[in-house]
Amino acid sequence: MDPFTSLGIASNILQLCDVAWKLSSGTHAVYSSLNGAAPSTLALDAVVESIADLARSITDATRSGVPPRLKNLCGLSAGLATDLTAILIKLKANQPKKKWQSFVVAWREIRTKSQIKEFTDRLQLLQTQVVAELQYLLV
């Protein structure tokens, strides 16, 4: 057998083992939790909810004196947080303590990991800019 073919087969086997391990550990984490979601999902959901509430309170129409740029950034943050919340809802089991539901949620976590990373990176960038705008207002 060609050495490159052997290396390719070994690489594929390792990838399969990695996915199987992630799926198994994810299923166990979801099954073990009381609310049918992995602890990382619950933590991210709490942070996103907090960001959305804060952004909505800043963009509230009754607040005067808030610069338009800051309102715009907060509006974008709130919209992004809403989109991320919609994804995170799918990462919670409808029926906690069911093995099949835990498996499905773990599979969804693996498939949406890059999408969640993209959303959190964009949200972090927006929040950094919001902090910069607030610091500018304090000067």
- Message: Compute the helix-to-body angle for 68-89: its Cα long axis versus the longest principal axis of the chain, expressed 0 to 90° and rounded to tens.
- Response: 30 degrees
- Among Ala10, Leu23, Thr85 the positive-end extreme of the charge dipole of region 1-116 (Cβ point charges): Thr85
- Query: How far apart, in nm, are the 7 Å Cα→Cβ label points at Thr82 and Val66?
  - Reply: 1.4 nm
- Helix 3-32: angle to the longest alpha-carbon principal axis of the chain, degrees 0 to 90, nearest 10? 60 degrees
- Item | Given charges at Cβ of Lys, Arg, Asp, Glu: the chain dipole, positive-most of Val139, Val47, Phe103 | Phe103
- So if we plug the beta-carbon distance of Ser32 and Trp100 into 1/(1 + (r/R0)^6) with R0 = 22 Å, what FRET efficiency do we get, rounded to 0.05? 0.90
- Note on the structure: Here the convex hull volume per residue of the chain, taken over Cα atoms and given in Å³, is 137 Å³
- Treating the angle as unsigned and between 0 and 90°, give the value, to the nearest 10°, between the Cα long axis of helix 99-138 and the longest Cα principal axis of the chain. 30 degrees
- With +1 on each Lys and Arg Cβ and -1 on each Asp and Glu Cβ, how big is the dipole of region 3-138 about its Cα centre, in debye rounded to the nearest 20? 380 debye
- Query: In nm, what is the difference between 0.36 nm times the number of residues separating Tyr136 and Phe4 and their Cα-Cα distance?
  - Reply: 41.8 nm
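All of the numbers you see were taken from the coordinates with simple rules; none came from a lab. Note that the structure is a prediction, hence the values are computed from the model and not measured. No Cβ is skipped: glycine too gets one built from the backbone with ideal geometry, and neighbour counts run over all protein chains shown.
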